[in-house]
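Accompanying notes for the structure given below.
The values are calculated or read from the model by the stated rules, or taken from the named source; none is laboratory data. Just so it is clear, the model here is predicted, and its values are computed rather than measured. So basically every Cβ, Gly included, is an ideal-geometry build from the backbone, and we count neighbours across all protein chains shown.
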Amino acid sequence: AKFKEGLSKTRDSFAEKINDLLSRYRKVDEEFFEELEEILIQADVGVQTVMELVDELKLEAKRQKLEDSESLKPLITEKFVELLHSTAGNQQLNMASDGLTVILFVGVNGVGKTTTIGKMAHMFKNQGKKVMLAAGDTFRAGAIEQLEIWGERAGVDVTKHQAGSDPAAVIYDAIQATRKRDIDVLLCDTAGRLQNKVNLMQELNKIYRVIQREIPGAPHETLLVLDATTGQNAFSQAKTFNEATGITGIVLTKLDGTAKGGIVIAISNELGIPVKFVGLGEKLDDLQPFDAEQYVYALFS
Ligand code: GDP
């Protein structure tokens with residue numbers, strides 16, 4: 001229900017257009033598929049993905065001898081789910097089998113990184129885990145205070161240094177603190193300076209070295225936070241961050257605020273990075289694990 005509600009903007013515009021298309025064309029032909037392509041591209045599904053998808057639909061329609069448009073609808077949903085499953089890989093979070101799990105959050109300012117960390121802290125706490133936050137964005141004014149506010153909301157501790165200090169040192173201290181307090185999950189904020197890719201890489205590399213030295217096998221996830229309302233911009237951020245550092249999953253925020261929720265499909269398919277969580281609002285419990293079936297059915301039904 002939450003998924004359906006959160007995706008209502010995308011669903012309204014998308015489902016309306018699809019249904020309109022289906023009612024105008026009783027028989028599927030070349031023109032029908034062209035219009036379908038147009039609708040999918042407008043929903044930010046991504047040109048490459050749309051081409052693949054529509055080609056497959058054409059083939060499958062031919063194979064099954066489907067000629068009327070209504071019988072094509074279930075096939076479209078089926079293909080979407082298939083695509084998300086085959087390309088998005090593992091949507092589950094990778095957790096330490098024993099001991100501390102370290103999750104690193106990267107992404108540019110304003111995408112909802114701090115909010116997502118707060119929400120995820122809340123989620124783990126509800127699962128009975130002990131959580132700590134590390135204020136690794138020492139660069140942006142106010143970032144530390146903002147993380148503390150979310151720490152308070154979620155009821156978890158925050159390890160911090162002064163603004164301007166070395167982020168890798170903050171993370172190092174946080175790891176030491178988790179040992180004393182028997183923490184299960186450490187969520188690390190980082191600065192999102194995309195303007196300078198070299199700086200970003202150096203800073204992240206240093207953080208990685210510290211984490212890997214302290215906890216073999218960590219970080220268990222490097223999650224890129226992207227704002228769904230920025231459409232193709234989110235797509236190019238994903239590309240750049242993925243080149244700068246190995247992204248293991250994406251959190252797509254503000255899906256509730258866009259009619260172009262098709263971006264989930266484009267990112268998963270064209271970059272091969274799984275979308276692991278989606279943000280569907282501003283509150284603590286507005287974070288949902290991404291579920292391909294629920295997502296596609298929320299869009300089409
Ligand atoms: P940061 O700069 O990346 O840390 O971004 P913030 O966490 O401060 O979030 C920026 C703004 O986006 C805030 O006003 C949040 O309330 C809002 N926001 C974050 N996630 C979501 C979401 O999933 N849905 C909506 N509607 N707003 C969100």
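Residue check: residue 97 meets all listed conditions (1) of a type in the set (S, T, N, Q); (2) away from the ligand (no atom under 13 Å from the Cβ); (3) assigned to a helix (DSSP H, G or I) but one, namely (3).
Restricted to the stretch 46-66, and to residues that are touching a residue at least 60 places away in the same chain (Cβ under 8 Å) and of a type in the set (S, T, N, Q), which residue is surrounded by the most Cβ atoms within 10 Å (Cβ to Cβ)?
The first filter runs over the stretch 46-66 and keeps only residues touching a residue at least 60 places away in the same chain (Cβ under 8 Å), leaving 46, 48-49, 52.
With of a type in the set (S, T, N, Q) added as a condition, the list becomes 48-49.
On the way: 48: 11, 49: 22.
Only one residue tops the list, namely 49.
Of the strands (runs of 3 or more DSSP E) lying entirely inside the stretch 212-301, those containing at least 2 residues that are among the aliphatic types (A, V, I, L, M), buried (at least 23 other Cβ atoms within 10 Å of the Cβ) and within 16 Å of the ligand (Cβ to nearest atom) are 221-227, 249-253, 275-279.
For the stretch 151-198, which positions are of a type outside the set (Asp, Glu), assigned to a strand (DSSP E or B) and more than 23 Å from residue 247 (Cβ to Cβ)? Before you say what the answer is, go through the steps one by one.
Taking the stretch 151-198 and keeping what is of a type outside the set (Asp, Glu), we get 151, 153-156, 158-165, 167-172, 174-181, 183, 185-188, 190-198.
Those still in the list that are assigned to a strand (DSSP E or B) too: 158-159, 185-188.
Within the stretch 151-198, 158, 159 meet the criteria.
I'd like to check something: does the stretch 119-133 contain any residue that is over 14 Å from residue 283 (Cα atoms) and within 16 Å of the ligand (Cβ to nearest atom)? Yes, the conditions are met somewhere in the stretch 119-133.
Rundown of residues vs (1) at pLDDT below 95; (2) surrounded by fewer than 22 Cβ atoms within 10 Å (Cβ to Cβ); (3) in contact with a strand residue (DSSP E or B) (Cβ under 7 Å, 6 or more places away or on another chain), yes/no style:
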site: 88; (1), (2), (3): yes, no, yes
site: 96; (1), (2), (3): no, yes, no
site: 129; (1), (2), (3): no, yes, yes
site: 136; (1), (2), (3): no, no, yes
site: 141; (1), (2), (3): yes, yes, no
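Residue check: is residue 43 of a type in the set (Gly, Ala, Ser), touching a helix residue (DSSP H, G or I) at 6+ places or on another chain (Cβ under 8 Å) and either more than 18 Å from residue 258 (Cβ to Cβ) or surrounded by fewer than 16 Cβ atoms within 10 Å (Cβ to Cβ) (or both)? So residue 43 does not fit the description; no. Taken over the stretch 190-211, the criterion of being modelled with pLDDT of 85 or more and buried (at least 17 other Cβ atoms within 10 Å of the Cβ) is satisfied by 190, 191, 203, 204, 207, 208, 210, 211.
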